[in-house]
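A.B. asks: There's a structure below that I have some questions on.
The values are calculated or read from the model by the stated rules, or taken from the named source; none is laboratory data. Bear in mind the structure is a predicted one, so any value in this text is a computation, not a measurement. A quick note on method: Cβ atoms are made from the backbone with ideal geometry, for glycine too, and the neighbour counts reach across all protein chains shown. Areas reflect the complete protein model, heavy atoms only, side chains present, ligands, DNA and RNA absent. Shrake-Rupley method; radii C 1.70, N 1.55, O 1.52, S 1.80 Å.
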Amino acid sequence: MFRSLHMKLMLIMTLLIISLMTVVGAFLVNSVSGFYLDQFYTQMQGVFQNDAEFVHDLQNAAPGEENGAEQVGRMLDTYAGNLGVDGLTRNYYVLDGVTGAYLVGSDDVGGASLDMTHNLSLALSGEVGDKSDVSLGYMDVAVPIERGGRSYVIYLKDNKQNAQSLTGQLVTLILEALAFGIAISVLLSFLLSKTLITPIERLTEGAEEVAAGDFSHKIEVDSKDEIGVLTATFNDMAQQLKTTLQEVENERNKLGTLFLHMTDGVVAFDRRGEIIQSNPAAEEMLGRALPIGGGVSYGELFGDIASLREVLEPGEKGFIAGSRELDGRSLELLLAPFDRDRQTGVLVVIHDLTERNKTEEMRKEFVANVSHELRTPLTNIHSYAETLVDNAGFLPTDTERSFLSVILGESERMAHIVQDLLTLSRFDSGRSELSLTTFSFAEAIEAMVNANLLEAQRHGHTLTASLEPGLPDITADRERITQVMMNVVSNSIKYTPDGGTIEVTAGREGTGRVWMEVSDTGIGIPEKDRDRIFERFYRVDKARSRESGGTGLGLSIAKEIIDQHRGSISIVDKPQPGLTIRIELPVEGPGHGRT
């Protein structure tokens, strides 16, 4: 009978269950108290000996701290999970280090009636009390500390209720398991190997494939029982894990790309002030490398704006704002904590306001210039008109005609300023469209020169044109290009002393562009003003410009027109006196020029 595999397996399983449950039961019952005791002191050691930061915080009082015991209690509440304090079976007590009087704790009732244990006596004498006996009905540890010039004792006590409860439950469980184990071992001795081991082996193989990164392996489901459901669930989990990892990778790539290429600078610090992340924009704005993990600290970069502690506790606003001028840049800084509750770190966002401030200054200057330019002719019109009204019928006819001529001239000047402003406004809004035609570049220059010849002669100037032969036809807005040419040449006539020379030259650059230069022997432009000559309302000699009727908008309009044609207008660097302006245009129109 015992030769059959069924009986052998049944007998082996029965003896195994009895022997195993007896040995394990005796071992568990005798060891549970020792385990709880070792676990208790290991847990205490991990906090009070190995957690240097926590011990350092316990021993170092904050400036102006009035009640060290309450602060210690709050810190112990924070570490309640690490210490296993639950307020029922395990509690902490903060005692006076001299008298042993109870100060604060998680059990006020028990704290008022503490017994003087051996560990507590050691702590009051200045030693750490961390020894206990398995036979005792409690586990305790007492740690003396010095904080703010005062002695305290941190005392933790566990009443072993969990250990005793577990021991009773364990004995009952062992007896029940022994009875059921014997019965079940007989019934399942023939079925366990095939029913359980085979599908488990398949699951193990599948788990190994997933662990190796192969999510395509699918385990076959042969049954509909729990193991079959587990197998199907494992297959679904592997597919879901694959999808989730792909989505996480995609999102990580998106965030990484956004972080690297965003125009605002971002620097992240941990709670110790070390850099944990930064982007290229931040390095460019701050003008220095920002290595991760060391080398540059928060205090070195932003300590002058706010301390790390101030940023971790920013108040009601939730952030601290600051500004900095660095290498000609105006930077706005926003400093905020990652998590105000846990204070895990600080994030600094850097905005470059240089261009915005520059634009704002240009806007203010533009408004001021417009106001000034319009005020002068308005003042003249008002003065002459008022004189005419006050002296109506008493002024000579020639005087009235002279006054009306001034009023007409000033009104025309205002109309010219307004027209120029409207032109610039259309350029800025993008409503100004080009009327492109194909025309002779050479003929346009010659017509422009002839139109200005009489004015040049009136000032005693010599105006000449020298064009390379074979200049091609160009595609452009002829009216606007002529306007630019007229503006440049008229400026040379105005700002060249009488009897000067103005020379217009033109030629071809390669096969795709033509150029025109206007050179004069006039007053020229100082080197320091050349970079601003195309700005709106900018004039080197404002008094002389107004006398000659200039508004400071002509070259600005000329540059806008040339830019629309994808051309260029610039000052040629030549020895003074005089000035040379060069204009370049694409032959085949705006769509074929250099940008």
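A.B. asks: Grab the Cα-Cα distance for residue 134 and residue 236, subtract it from 0.36 nm times how many residues apart they are, and report the gain in nm with one decimal.
C.D. replies: 31.8 nm
A.B. asks: At what distance in angstrom do the alpha carbon centres of the range 117-177 and the range 207-270 lie from each other?
C.D. replies: 45 Å
A.B. asks: OK, next. For a Förster distance of 30 Å, can you work out the FRET efficiency between the beta-carbons of residue 229 and residue 170, rounded to the nearest 0.05?
C.D. replies: About 0.45, to the nearest 0.05.
A.B. asks: Applying 1/(1 + (r/R0)^6) with R0 = 35 Å to the Cβ-Cβ distance of residue 438 and residue 498, what FRET efficiency is obtained, to the nearest 0.05?
C.D. replies: The calculated FRET efficiency here is 0.35.
A.B. asks: Given the C-alpha centroids of the range 477-516 and the range 30-82, what is the distance between them in whole angstrom?
C.D. replies: Centre-to-centre (Cα) distance: 86 Å.
A.B. asks: Excluding residues on the same chain fewer than 8 positions from residue 242, give the aspartates and glutamates whose Cα lies under 12 Å from its Cα.
C.D. replies: 214
A.B. asks: Here's a follow-up. Provide the net charge surrounding residue 451, with neighbours chosen by a C-beta distance below 14 Å and charges set as Lys +1, Arg +1, Asp -1, Glu -1.
C.D. replies: -2
A.B. asks: Evaluate E = 1/(1 + (r/R0)^6) for residue 354 and residue 509, where r is the Cβ-Cβ distance and R0 equals 45 Å; express this FRET efficiency to the nearest 0.05.
C.D. replies: After rounding, the FRET efficiency stands at 0.80.
A.B. asks: Still on this structure, please answer the following. Over the range 25-184, give the accessible area per residue in Å² for a 1.4 Å probe, as an integer.
C.D. replies: That works out to 53 Å² for each residue.
A.B. asks: Moving to a separate point now. Using the Cα centre of the range 1-139 as origin and beta-carbon charges of +1 (Lys, Arg) and -1 (Asp, Glu), tell me which of 34, 73, 55 is placed farthest towards the positive end of the dipole.
C.D. replies: Of the options given, the answer is 34.
A.B. asks: Within straight cross-link reach of residue 317, meaning Cα distance under 19 Å, which aspartates and glutamates are found once same-chain residues fewer than 8 apart are removed?
C.D. replies: 332, 339, 341
A.B. asks: A further question follows. For the range 51-133, place one equal point scatterer on every Cα, skip the solvent, and apply the Debye formula. What is log10 of I(q)/I(0) at q = 0.17, 0.19 Å⁻¹?
C.D. replies: Ignoring solvent entirely, the Cα scatterers give -0.79, -1.00.
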